[in-house]
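Encoded as structure tokens, the structure appears first; notes follow it.
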Amino acid sequence: MVFIKEKVELIKNKTALLKEKLQQVIPYIAYFPFIGWFFPMCFRKDDRFLLYHSVQGFVLAAFFFIVSTLLYFITAFIPAGGGIFKFVIVMLIYAGYFIYFVFAIIGTVFMLQKLEKGIPFFEKLTSRIQI
């Protein structure tokens with residue numbers, strides 16, 4: 001019986017340690033591509049600074065997802081002989097992903113420096129969202 005109590009206590013300690021580590025990691029994933037904004041919004045609702053950056057990450061991900069999707073659907077309407085146009089659009093999609101990752105890195109740097117500074121252009125979009 002003592003063995004079981006020790007194991008239960010060990011599991012409780014490890015669970016508490018895991019929760020503590022998770023609370024330390026959550027701020028760093030706010031700008032993780034496409035899904036990082038979700039975790040801080042769900043697990044750290046009381047932290048206004050983190051919510052600010054989570055909203056920034058959400059707007060950033062949503063904007064680039066919509067732009068990439070629209071560009072992809074444009075390629076469906078290009079005739080079979082329009083190889084160069086498809087190539088240009090696909091390059092625009094890749095350039096969009098590159099720009100997205102650069103903005104995500106910029107946002108992460110702002111967050112790590114404890115600055116409540118928005119990403120240019122996206123700051124205007126996020127100011128419309130109430131948190």
Next item on the list: Scan (1) assigned to a helix (DSSP H, G or I); (2) basic (Lys, Arg); (3) modelled with pLDDT under 80 for the single condition Lys45 breaks and write down its number.
Entry: (1)
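Does the stretch 88-95 contain at least one residue that is among the hydroxyl-bearing types (Ser, Thr, Tyr), surrounded by fewer than 14 Cβ atoms within 10 Å (Cβ to Cβ) and part of a helix (DSSP H, G or I)? Please lay out each step first, then the result.
From the stretch 88-95, those among the hydroxyl-bearing types (Ser, Thr, Tyr) are 94; that's our starting set.
Next, only the ones that are surrounded by fewer than 14 Cβ atoms within 10 Å (Cβ to Cβ) stay: 94.
With the extra rule that they be part of a helix (DSSP H, G or I), the set shrinks to 94.
Within the stretch 88-95 (the criterion being among the hydroxyl-bearing types (Ser, Thr, Tyr), surrounded by fewer than 14 Cβ atoms within 10 Å (Cβ to Cβ) and part of a helix (DSSP H, G or I)), the answer is yes, since at least one residue qualifies.
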Note to self: From the list Ala80, Ala62, exactly one residue is surrounded by fewer than 17 Cβ atoms within 10 Å (Cβ to Cβ) and at pLDDT 80 or above. Which is it?
What the structure shows: Ala62
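Test Ala61 against the stated conditions and say whether it is part of a helix (DSSP H, G or I), of a type in the set (Gly, Ala, Ser) and more than 16 Å from the chain's Cα centre (by Cα).
No.
The values are calculated or read from the model by the stated rules, or taken from the named source; none is laboratory data. Note that the structure is a prediction, hence the values are computed from the model and not measured. Glycine gets a Cβ as well: all are built from the backbone with ideal geometry, and neighbour counts include every protein chain shown.
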